[in-house]
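Colleague: My questions all concern the structure below.
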Amino acid sequence: MNKCFVFAFLLWTTIILGQPKNDVLSDEEILKGIYTTALVKNQGYKWLEELTEMGPRLTGSENATKAVYHFQKIADSLGFKTFLQPVTVPQWVRGEAEEANYKTTSGKIVLNSCALGGSIATPEKGLKAPLFEITSFEQLDSLTTELEGKIAFYNIPMNPAFINTFFAYSNSAKQRYVGALEASKKGAVGVVIRSLSATVNDLPHTGSMTYKGADTKIPAMAISTLDAEKLSTNLKDNPSLEFFMKMNCESKDSVISYNLVAEIEGAQNSEEVIVLGGHTDSWDLGTGAHDDGAGCVHSLEAIWLLKQLDILPKRTVRVVFFMNEEFGLDGAKVYAKESKKENINHVIAIESDAGGFSPRGISVVAPDSLVARVREFRSLFEPYGLHQFTETGSGADISQLYSKDLVMLGLRPDNHRYFDIHHSAADVIESVSPRELEMGSATIAAFIYLLDKYDISAK
Ligand SMILES: [Zn+2]
């Protein structure tokens, strides 16, 4: 054993045993205790395993609400005060496996496909029509009658030149979200989109879409990026090839589900609230291990870690498990409305909804002077591989709480692999590294500790 290891071990056991007291430990020592406890105990990963064993948590499904009760049970056992907030959520069901195929001179090509969330079904026997390929949004705008009677094939890749894959995602997500709406205005009868994936692979990726403002609703599906490339090539060889798609998904009546709020009262300034969270719902193709099981677990474990080290924040801490981020942020809207009604004084909001990969930094939305203060913590995080202190948004759920005097933070994990699995069948526990997940929980715990200790607030 080298000396550093012995020192770290002694320090860790000292912190765990509570001697010396936290108030005489340096910030470096406290952070070391937080990260060590996370990596040694693996509590968050254990919670994520239990969660994903329950299956997918599609909004409006029984499983999604079961997951809320599951988290409530854990939070209760940890001594949180918990309560549920009813949220009316849409209920969309996928039905039987989708079909998509076309014929070439060398035979029938079967594609890996999935309906987009919220899409209508095709006619019972399926839909067959020629395709029109769209490779840019500018091209879409310039079309006049080209889509009439055809299936619009959106083939707009995520731009690989972006270092941050979230930028590439938001730049091409329009084909999924409003692809059907725009194509229907130009006479298309169906839509097939290239999956929003950062690499070429054979997985179809689902995600939400809207018909808002459409006179006619047309069915929309995603195909894998690999199939989109093949289809594009085959279409060049045979522009009149006919595409077959079959889906029997369906929107049902809305149902009631819940946000879960788990609270620990602050030791001194209990009327000031630090809120943190992720969303309980997931897509149905995988089990939402990264999106956003990881974010829920990060949030719960962050507070668990502080409790393990006898660190009780001065401010009240609320962990919120938001319901229905994926189909329109319903839970986030309810939480924001209820908080306003009850005059909850949020001073800090933190979200983790970018996956459970190794944390690289944090993004801050706050007045400049406070962004500068958060950046002063940077050297404390360097030993843990975090160096990106950006100002690139915070998170979709907490964005509903936005006000100029709220300090908002979003965890920024490494994002290169995130869109390989996002909204696909690969978003399962096997794609989460226990160590990387734990580093995320520890990072959030460390930020809460520092922001609370140094009274970071815009009020
Ligand atoms: Zn998410």
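Colleague: Any chance region 300-309 includes a residue that's in the same structural domain as ILE429 (by TED's automatic domain parsing), over 18 Å from GLN72 (Cβ atoms), modelled with pLDDT under 95 and more than 16 Å from the ligand (Cβ to nearest atom)?
Modeller: The answer is no, given that none of the residues of region 300-309 is in the same structural domain as ILE429 (by TED's automatic domain parsing), over 18 Å from GLN72 (Cβ atoms), modelled with pLDDT under 95 and more than 16 Å from the ligand (Cβ to nearest atom).
Colleague: Against the definition (surrounded by 15 or more Cβ atoms within 10 Å (Cβ to Cβ), within 14 Å of the ligand (Cβ to nearest atom) and outside the structural domain of GLU133 (by TED's automatic domain parsing)), how does ALA262 come out, yes or no?
Modeller: Here the answer is no, as ALA262 does not meet what is asked.
Colleague: Is there any pair with a first residue in region 138-149 that is without any contact (Cβ under 8 Å) to a residue 60 or more places away in the chain and closer than 20 Å to SER172 by Cα and a second that is among the β-branched types (Val, Ile, Thr) and surrounded by 14 or more Cβ atoms within 10 Å (Cβ to Cβ) whose Cβ atoms are under 7 Å apart and which are 6 or more apart or on different chains, and what are they?
Modeller: Once the first residue is without any contact (Cβ under 8 Å) to a residue 60 or more places away in the chain and closer than 20 Å to SER172 by Cα and sits in region 138-149, its partners that are among the β-branched types (Val, Ile, Thr) and surrounded by 14 or more Cβ atoms within 10 Å (Cβ to Cβ) give LEU140/ILE134.
Colleague: Any residue in region 278-289 that is part of a loop (DSSP other than H, G, I, E, B) sitting within a Cβ distance under 6 Å of a residue that is within 12 Å of the ligand (Cβ to nearest atom) and of a type in the set (Gly, Ala, Ser)? List the pairs, counting only those 6 or more apart or interchain.
Modeller: As it stands, the answer is GLY288/SER282, since those pairs meet every condition given.
Colleague: Going through region 94-112 one residue at a time, which ones are among the aliphatic types (A, V, I, L, M) and open to solvent by 50 Å² or more (accessible area, probe 1.4 Å)?
Modeller: Scanning region 94-112 gives ALA97, VAL110.
Colleague: When you look at GLY410, is it out of contact with any Leu (no Cβ under 8 Å at 6 or more places or on another chain) and crowded, with 23+ Cβ neighbours inside 10 Å, yes or no?
Modeller: In short, yes.
Colleague: With the condition being within 14 Å of the ligand (Cβ to nearest atom), without any contact (Cβ under 8 Å) to a residue 40 or more places away in the chain and farther than 26 Å from TRP92 by Cβ, I'd like the helices (runs of 4 or more DSSP H) fully within region 318-417 carrying at least 2 qualifying residues.
Modeller: No helices (runs of 4 or more DSSP H) qualify here.
Colleague: Where the second residue is aromatic (Phe, Trp, Tyr) and the first is part of a loop (DSSP other than H, G, I, E, B) and lies in region 218-229, which pairs have Cβ atoms under 9 Å and are six or more apart or on separate chains?
Modeller: ILE218/TYR211
Colleague: Could you list all residues from region 361-371 that are among the small types (Gly, Ala, Ser) and either under 27 Å from the mean Cα position of the chain (by Cα) or open to solvent by less than 40 Å² (accessible area, probe 1.4 Å) (or both)?
Modeller: Hits for region 361-371 are GLY361, SER363, ALA366.
Colleague: Quick one: is ILE256 open to solvent by 10 Å² or more (accessible area, probe 1.4 Å) and assigned to a strand (DSSP E or B)?
Modeller: In short, yes.
Colleague: Oh, and also: Looking at region 59-92, which of the residues that are in contact with a Lys or Arg (Cβ under 8 Å, 6 or more places away or on another chain) and assigned to a strand (DSSP E or B) is surrounded by the most Cβ atoms within 10 Å (Cβ to Cβ)?
Modeller: It comes out as TRP92.
Colleague: Which ones in region 276-285 are open to solvent by less than 10 Å² (accessible area, probe 1.4 Å) and either modelled with pLDDT under 95 or more than 10 Å from the ligand (Cβ to nearest atom) (or both)?
Modeller: Within region 276-285, LEU276, GLY277, THR280 meet the criteria.
Colleague: Right, VAL297: in the same structural domain as VAL24 (by TED's automatic domain parsing) and either modelled with pLDDT under 95 or closer than 19 Å to TYR384 by Cβ (or both) or not?
Modeller: Spelling it out, VAL297 is indeed in the same structural domain as VAL24 (by TED's automatic domain parsing) and either modelled with pLDDT under 95 or closer than 19 Å to TYR384 by Cβ (or both).
Colleague: Which ones in region 287-299 are closer than 18 Å to GLY117 by Cα and within 12 Å of the ligand (Cβ to nearest atom)?
Modeller: GLY288, ASP291, ASP292
Colleague: Here's another thing I want to ask about it. Determine which single condition GLU326 fails, assuming it passes every other condition in (1) surrounded by fewer than 19 Cβ atoms within 10 Å (Cβ to Cβ); (2) at pLDDT below 95.
Modeller: Every listed condition holds for GLU326 apart from (1).
The values are calculated or read from the model by the stated rules, or taken from the named source; none is laboratory data. Here the structure is a predicted model, which means the values were calculated and not measured. Please note: Cβ atoms are built from the backbone with ideal geometry, for glycine as well, and neighbour counts cover all protein chains shown. The area values use the complete protein model at the heavy-atom level, side chains included, leaving out ligands, DNA and RNA. Shrake-Rupley method; radii C 1.70, N 1.55, O 1.52, S 1.80 Å.
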